[in-house]
Amino acid sequence: MKQFLLGVLTTLVVLGLGVFALGLSLGSGATPTTLPSPPPSGVRVPPPGDLGPDETWLGAVQLDSREVVAAEGDLVDVDATGTGVRFGPDGLRAATLAVRATVPFGTVADQVGDGTRLYAAGGGRAGVERQVTVLGRDLLVRATGAVRAEGGLLVLEPETVDVGAPGPVDAALGAAARRLVTIRTPVAGLPDGLVLREVGVGGAGFAVRLDGRDVVLGR
C-alpha cells in the first residue's frame, strides 16, 4: 500500500494539480474521531508558512482503487483521504491519512504461514483452518471467532475449536490447540504513522479502518 500511495500522490504532484480540497467520504460514511475532517469542497486552505521552495503542498487528496497489489500484500476496495500532503526533496508526508480497505483472507493467511486458511464464518466472525501437531498428534484444526484491532494488530481469538476427535478427546486437544490458531498480526506494508483502528469480517476478507498523523509515505 505504501508503494500505491506514493505512486498516486507523486503523479498528482507531477501533473501540477496543486492545492485542492475534497470532502471526506470513507467507505462506510463514518468520520474517524481521531482526525480532523478536510474542509468543504471549494474552500481554500492556506499552505503552511514553512513550505520550502522545492516543496509542493496539497490541502486534501482522495485516492480510490478497486485493487492494490504490492510485494507486502494485496488490498481491495481502497478508499483513502489525506490532508496536508507535502512532497519535496525530503520525501512525501501527509499530516493526516485515513484509509478504509479490505485485506483479502489470503493476504493475512500468507503472513501467518504454515498452511493457514482464513474465511468468513458467518455472523461477523472469521474462521481459521490449520494443520498443527498437538500432544504428538497431527490434527486439522478448525476454529471460529470474532476479530478486533488491538494495539495496531489484527487479532482473532477462537471462540470455538474443532479438532475432529470424539467428545472428551476433542475438548482436551482443543484447549491445547487454541493458542496455535490464535492470530495476532499487523496489516502488511503500512507506512510509518498509519495505525489499524477497526477491523471486521466481510465476504472477501477483513474490512479495516486505519488512520494516522504525520504519515511518512516515502523518502
Cβ pairs under 7 Å, 6+ apart or interchain, first in the stretch 174-201 and under 14 Å from Val103 (Cβ atoms), second polar (S, T, N, Q), ordered by first then second residue, are Thr185/Gln111; Ala188/Thr107; Ala188/Gln111
Taking the stretch 183-219 and keeping residues assigned to a loop (DSSP other than H, G, I, E, B) and at negative phi leaves Pro186, Val187, Ala188, Leu190, Pro191, Leu194, Gly202, Gly203, Ala204, Arg219
The correct count of residues that are closer than 17 Å to Asp77 by Cα, crowded, with 20+ Cβ neighbours inside 10 Å and more than 8 Å from the chain's Cα centre (by Cα) in the stretch 200-213 is 4
Listed by range, strands (runs of 3 or more DSSP E) wholly within the stretch 68-137 having at least 1 residues that are among the polar types (S, T, N, Q) and surrounded by 14 or more Cβ atoms within 10 Å (Cβ to Cβ) are 75-88, 91-104
Report yes if some residue within the stretch 158-176 is touching a strand residue (DSSP E or B) at 6+ places or on another chain (Cβ under 7 Å), surrounded by fewer than 16 Cβ atoms within 10 Å (Cβ to Cβ) and assigned to a strand (DSSP E or B); otherwise report no. yes
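FYI, it's all coordinate maths here, none of it is from the lab. Bear in mind that the values here come from a model prediction, so they are computed numbers and not experimental data. All Cβ positions, even for glycine, are placed from backbone atoms using ideal geometry, and neighbour counts span all protein chains on display.
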